[in-house]
Structure formats: structure tokens, C-alpha cells
Amino acid sequence: MGAKLLFFRLIIMKKSIFLLFFSCFFCSPVGAQPQDYVWTSPSKNASESMPCGGGDVGMNVWVEQGDVLFYLSRSGSFDENNSLLKLGRFRISVSPALDMQSFRQVLHLNEGYVEVTDGLISIQLWADVNKPVVHVDMQSIRERVNMAVTYENWRTHDTPLTKRSRFQTSYKFAAPKGLVTHHDSIVATDHSVTFWHRNGETTIFDATVEQQGMTSVKEKLYNPLKHLTFGGRMKGDGFVLMDKVSGLYGCTDYEGWMYVTEQPAKRCHLQIAMATTQGTLDDWHGQLSQVERTIRKAADRKKSQEWWRNFWRRSYIEARGADSRPVSDFCRNYTLFRYMLGCNSRGQWPTKFNGGLFTFDPQYVNLSSEYWVSPDYRNWGGGVHTAQNQRLVYWPMLKSGDYDLLIPQLEFYRNIYQNAEERSRLYWGHEGACLTEQVENYGLPCYPEYGTKRPEGFDPGMERNAWLEYEWDTCLEFCQMALEAHRYNGTDIRPYIPMIRSCLQFFDEHYQYLANRRGAKTLDNGGHLVLYPGSGGETYKGAYNSTSTIAALRTVTMSLMAYAMERGDSALLEQHASLLSRLPDITIRDGMIAPALHYERVQNTESTQLYPVFPWRMYGVGRPDIDIARNTYQNDSLAIKFRSHIGWKQDAIWAACLGMTDEAEQLITQKLADGPHRFPAFWGPGFDWTPDHNWGGSGMIALQEMLLQEVGDKLYLFPAWPKSWNVRFRLRASRKTTVEAELNGGKVVRVKVLPVERLRDVVMPK
């Protein structure tokens, strides 16, 4: 009786919230299985493809004129010019042909595979999550079927790059004359076709090192392109080489190797094993053979399907009720896009913001004849890293619980930061990693953005680019992601601490270095760093104490100090407490957050004055001075001018973080509406390319923030969610916390929090 009395006293203290827990916490758990996504008619071309993948492999799958086609992509397939090349296109046909009157193409999200069927013949495509292998399974429930599979390749000879197609490389607009995409090697035998692309001794890495005057330290530098070989082998039991063919798909010539079943069969299986190595060609062949030896199809499929089931159990956002549109559409699109991100859970390289693993023929993205180039094309390059876009792909993985998907992005920075340290030592004689915007996958500035026409005496550490100059704070968001992954999930981030420290050290040392070159003092009158010249994104140039940079340095420094305190690392704590004391305050002017104390010009359309709201979370629901941030959002003339839902625009996120429900509702409805292509999560091109992954990522973040925000120990439910939208969700919070809730008819009808002791931290909507 004493326990019950205590419980009801708590109800009185906390009002209705604990009554809700008492009635709802012990109800049966809500399932997390996503709905299949179905098409009932074939497609016109590759732009109407459906994504499929797993591990670090992506396929665009579509059915055109009775054939099942798919592009095959794998993370890390960088050529000599740093294009991210596809591995080829595959064409499947069966006889008797599929009955288009009974056609269905299904993305089975819960188990991660695509099926094409007419009810009698089923063709299933799936990627092994744990090893780089694609499987194609055909089954006929009535008569025996003849099956033909053709491997199609458009890189059978060196191909000159046009003015437009150079933008798929890291050379972009500064490409040397005669630049080509080098040919693949293809060996076809009676029962298999092996294909690979091999980079030589010299790549764009060497051109970049020479351009940027780093030859003296070249041997110290990480080089991921030299002697890189990638490709695979297609083979299947009972398949035999029938013919070599040629043709035109879209605007691109190709050659093909057609394999057919020797006998009609009710079941057929085909596999495509892949390998990527740096070393000799023998090393690559050895790794490919090793991958093939490890294939255990039935067991591998069972493990892959279980991985996808567990993936969906981590989190979900689902509309509830029959009258829930448009919320049902953008919750579906959130799920479809999260699936696309899940296809690179095992990649050595992060998912690219400008199409990920799912780009298709550019002529179907832009109708101009300028874009009649190969399927390898994506705007803004394949190996170059536009961090201000890339970050939006990865922030939502914290609340979705996809911490393993974060690892390739964090590894990217861990691999390159020491090259960026060499830049600082060579150019300026101080420590710290100078990671510029538009950084290559080897840690140096992108070749054209560094500038090919540099004035005599121009600072060799600077990019000669009006948009990118002095923009080197974007790396701090990835530092914070690592620290947040530890705070959320206890992820072991010890391998990333040296990188985080180095990124912070750069700002401390470099701005004292610049001040010392201007005069006798390295700090201002208050003992603070003078962050000049700086930048607010690509927008506020020549900035003095840029708000986005100060907010980044403060937040990452305090997060690192909290990590040091947790681990009892007094030296790390003391060092960064000293740095924190040297950081200036952000500028508040006329009751609004200013982009900087001063800036010289406006170059782009980013509202970095709102970065203290997100990603740096200095202002927002449950935080002090929220009115200052709301005033900035509502009344800053440039913030209003720049407002949009397109591409990487963050306005929906800021509205949600500030609890501005009406604005968040309007923007998220636009942001996560169906994209322009048949698959609704193929957004873009926006400012970048299609599928626009930073469009999808920013939409994911906004939707999550509308449902759940965390401030200190408090968990705010539905802080910017319209009461007329019925929804249920499961999302993650810090300290390994899982939050589930359901809103129906304007009322919260279900809440579940694990661990249970965090129930007391929930703040209900008003």
C-alpha cells in the first residue's frame, strides 16, 4: 500500500503526465515493420528506378520494355580523376516474358530486397549486408524459364570528358586538356565475366600535391587513389556466354556480354561478387576470390534480412489513421530515404550528399543537351567532400539510432586529418588540422577551388575562391557528431579524439598566428581570440568573429570537456577549459543574433546567424533567450530572404527547434513532399544533384525535431508537432534512451521510455 500511495503522490506532483504513464506504459509494444513500397506498372527509363542495396552496395532497379535492369554502385569506387564510377549495368530477360498485366515491382523494406513479379515468375535482387555480393534469384511456379543476363559497360575504351562531364571529377572547371576517363578491363569466359578499373601510379592526388606546393611532404601524405582497383565478377550455375553485344542506352554507347541458361529452369541464381583494394592487381584478384569463397547464400540471406529487421526496430516515424495525409506521405518518404542511407552501413567511405549510391543517367535529371553524358555523372564530384552539405546526411543518424552508419563518415575525417596537419605545419609553422570546405578524400583542398590563377604572394594555405575562402569550421560538426555518438550510445570514440583536438587546436593557433602577423598582440583586450578573417558558411565573407564559428568552437569544446570529465582526464579538461576562456561571445544586435561582429560581403544564401539554434543548440525549446532566436528567424531580413525548403536549406529544422509549429508544418510539408521522379525520395537536383541526399537528410532532422527534443536531462515530446497530425514514433536520445510516443486526435495516448528511470525527464506538450 505504501508504494501505491507514493505513486499517486507523484501523479499529483507531475499532473497528467504520470497518469499517462500509468495507463500506457505497460501496453503492448508497437511494431516497427515498414510497409512495402509497390509499383504496378513498368518504368520508362532509369529515372524511374527503385533503390536496392546493403552493406556498401547500391542498385537502381527498374523494368523497361520487359527487361529488368539495374545499375550497380559501390562506395569508394574512385578513379584517377576522383570520379565515383558505377560498376556497370545489368539487364535481365526471361522467356516466356513477364506478363505486364499482372506486373508488380516491390521494395520489401523490412528485409531489404526488390522483387519483380507477375505472379508466376519472380525475380528477386538483394545485396549481402556483410560482404560485397549481389544476388539475383529467379523462380517460376509453373513452367521452366529461359533467362538471359547481360553485363553492360560504357567504359570499354578511354573516354574524353566534355566540359560538363568534368564536373563528375575533382578537376571540375579546371580540368587539364585531354582529360579522359580511363577504360575498364573486362575478361569474359564461358561461365563468368570479370570487370575492374585500376588506377595507375599517378592520379589527381599527385596534381593536387604539386599545385599546392606540398611535394616536400608528399611521402607523408595519405593517398587513397594510387593503385586503387575496384570491380567484380558475375557468374551463375548453369549460365554460359552466348554473345557479345553493343547498343545505346540513353545517350551512351555500351558493350555487353550476354549469359544465358543452358537449359530452361524453374529456379536460377546469379551472383556478382565485388572487391576493392590498394596494391597489386594480384591482390585484387585474390580478394575477389576470397569474397567468393565466403559466400553461403542461404545463411547470408538470413543474416542480411535479420540485419534489416533490426535496423527498422531501432526507430520509426509513422502516420496514424486513414485521414493522415500529407503526414503519411512524408513519413513514408522519411522511411524510404532512411532505407537509402542504410544501404551504406558497412562502407569505408561515407554516403555522398550528391546522389549517394543511386545516381542515374544525367539526361533524365537535366534535359539540356549539355547533360547528355555517361551514367557516371554527378554534379560536384565523386571524391570531393562538400562538408556543409555532407553534414546534413549524417546528423539524423543520432536520433534514428543508426550509430553504425555514422562510422564511415567519422573514419573519413580520421583518415585525412593528418594530411591537413601537414598543411598547417608547411604553410604557417603551427599545429592543428586545417580542413577546408570542398576537401578531397585525401585531406587537401579541391584542385579547382584552391585556384589555378593565384596572385604572387597569396597565402599558400588559402583557397582562392570567393565562396570558400576562410571557411574551415565545417569539420567541427563531424567532431560534434562523434562526441554526440558517445553521449547517445556510449560509442567508443577514442580513435577520433586526436582528430577532434587537432581541429580545435587549428583555430586556437592559427588565429593567434594571424593576429601576431598583424601586430604585437595575439588576443584582444578581453583576452579573446580575434577570429578574423573568417567566414559564415559560404555567405558572410571577410567575417570578424563569425557567429557560426564561435558557436561551433564553444559547443565542441564544452562537449570535449564533458567527455574528459567523464573519463577523469584532467589534462584534456584543463587544456580545453583554457581554450574556452579565449573564445569570444557571439554578437547580439537589435535583439537578434548577428552573423558576425562584422562582415565584408554576402556571397551565398546560408542563414548562419541561426546556426546557434542548429546545429549548435545554444537556443531553442527549453533553453534560455529563445525569444532572441525566434526574433532572428522572424525578422532578420536576410534570414527571411534566404528562406526555402529546397536542398540543404535548414529553415524547417530551425522552425522545429524553436517550437514554431505553424512554420515547421508548412516547411516540412514542402521539404518531404514527393520528389520529381517516380521514386518519391529521389529529390533534387536542388543546388546539387539527384537524388539530393542533403535534401532528404535535412528533412529527416526537421521531422525528428518536431517530435522530440532533448535539453539537459529533459525530453520534450511533440515540441513543434501539429495536434491535427496523428503520428507515432520511436526515436533515440542520450544515455542509451529510447522514446516512443503516439499522438491521436490531438492527445498524447501512449508514451514509453527506456530506461524506465528516464520517464521523469519527459516534458509533455502544452
Can you spot a residue in the stretch 282-298 that is in contact with a helix residue (DSSP H, G or I) (Cβ under 7 Å, 6 or more places away or on another chain), touching a residue at least 24 places away in the same chain (Cβ under 8 Å) and open to solvent by less than 50 Å² (accessible area, probe 1.4 Å)?
no
Could you list, in sequence order, all residues of the stretch 747-761 that are within 30 Å of the chain's Cα centre (by Cα), farther than 17 Å from residue 719 by Cβ and either of a type in the set (Gly, Ala, Ser) or buried (at least 17 other Cβ atoms within 10 Å of the Cβ) (or both)?
752
Looking at residue 218 and the list (1) in contact (Cβ under 8 Å) with a residue 60 or more places away in the chain; (2) open to solvent by 50 Å² or more (accessible area, probe 1.4 Å); (3) in contact with a helix residue (DSSP H, G or I) (Cβ under 6 Å, 6 or more places away or on another chain), which single condition is not satisfied?
(1)
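A quick yes/no check of all residues on (1) among the aromatic types (Phe, Trp, Tyr); (2) assigned to a loop (DSSP other than H, G, I, E, B); (3) more than 20 Å from residue 386 (Cα to Cα); (4) modelled with pLDDT of 95 or more:
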site: 617; (1), (2), (3), (4): no, yes, yes, yes
site: 620; (1), (2), (3), (4): no, yes, yes, yes
site: 624; (1), (2), (3), (4): no, yes, yes, yes
site: 628; (1), (2), (3), (4): no, no, yes, yes
site: 633; (1), (2), (3), (4): yes, no, yes, yes
site: 638; (1), (2), (3), (4): no, no, yes, yes
site: 648; (1), (2), (3), (4): yes, yes, no, yes
Out of curiosity, is residue 83 closer than 30 Å to residue 200 by Cβ, in contact with a helix residue (DSSP H, G or I) (Cβ under 7 Å, 6 or more places away or on another chain) and either open to solvent by 10 Å² or more (accessible area, probe 1.4 Å) or in contact (Cβ under 8 Å) with a residue 24 or more places away in the chain (or both)?
yes
Unique residue being modelled with pLDDT of 95 or more, open to solvent by 10 Å² or more (accessible area, probe 1.4 Å) and among the aliphatic types (A, V, I, L, M) when the list is 504, 476, 514
514
Within the stretch 127-140, identify whether any single residue is of a type in the set (D, E, K, R), more than 21 Å from residue 66 (Cβ to Cβ), surrounded by 16 or more Cβ atoms within 10 Å (Cβ to Cβ) and in contact with a His (Cβ under 9 Å, 6 or more places away or on another chain), and answer yes or no.
yes
Members of the stretch 534-559 found to be surrounded by fewer than 19 Cβ atoms within 10 Å (Cβ to Cβ) and closer than 16 Å to residue 481 by Cα, listed by number
558
Going through the stretch 93-118 in order, the residues found to be surrounded by 17 or more Cβ atoms within 10 Å (Cβ to Cβ), free of Cβ contacts under 8 Å to residues at least 60 places away in the same chain and part of a strand (DSSP E or B) are 93, 94, 115, 116, 117
Need pairs with beta-carbon distance below 7 Å; first residue open to solvent by 80 Å² or more (accessible area, probe 1.4 Å) and within the stretch 560-573, second part of a helix (DSSP H, G or I); sequence gap 6+ or separate chains.
565/573
Within the stretch 270-288, is there a residue that is part of a strand (DSSP E or B), out of contact with any Leu (no Cβ under 8 Å at 6 or more places or on another chain) and at negative phi?
yes
Residue check, residue 527 over 12 Å from residue 471 (Cα atoms) and either of a type in the set (Phe, Trp, Tyr) or touching a residue at least 12 places away in the same chain (Cβ under 8 Å) (or both):
yes
Would a scan of the stretch 577-584 turn up a residue that is within 20 Å of residue 436 (Cβ to Cβ) and open to solvent by 30 Å² or more (accessible area, probe 1.4 Å)?
no
Which condition from (1) assigned to a loop (DSSP other than H, G, I, E, B); (2) out of contact with any Pro (no Cβ under 9 Å at 6 or more places or on another chain) is the one that residue 586 breaks?
(2)
Scan the stretch 52-80 residue by residue and report those that are among the charged types (D, E, K, R) and either open to solvent by 10 Å² or more (accessible area, probe 1.4 Å) or within 14 Å of residue 126 (Cα to Cα) (or both).
56, 64, 67, 74, 80
Among the residues of the stretch 174-208, what is the count of those that are at positive phi and surrounded by 13 or more Cβ atoms within 10 Å (Cβ to Cβ)?
0
Any residue in the stretch 327-338 that is free of Cβ contacts under 8 Å to residues at least 40 places away in the same chain and either within 28 Å of the chain's Cα centre (by Cα) or under 30 Å from residue 374 (Cα atoms) (or both)?
yes
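The values are calculated or read from the model by the stated rules, or taken from the named source; none is laboratory data. All values reported here derive from a predicted model rather than from experimental measurement. Note that we place each Cβ from the backbone using ideal geometry, even for glycine, and neighbour counts take in every protein chain shown. Ligands, DNA and RNA are stripped out before the accessible areas are found, and what is left, the full protein with its side chains, is counted by its heavy atoms. Shrake-Rupley method; radii C 1.70, N 1.55, O 1.52, S 1.80 Å.
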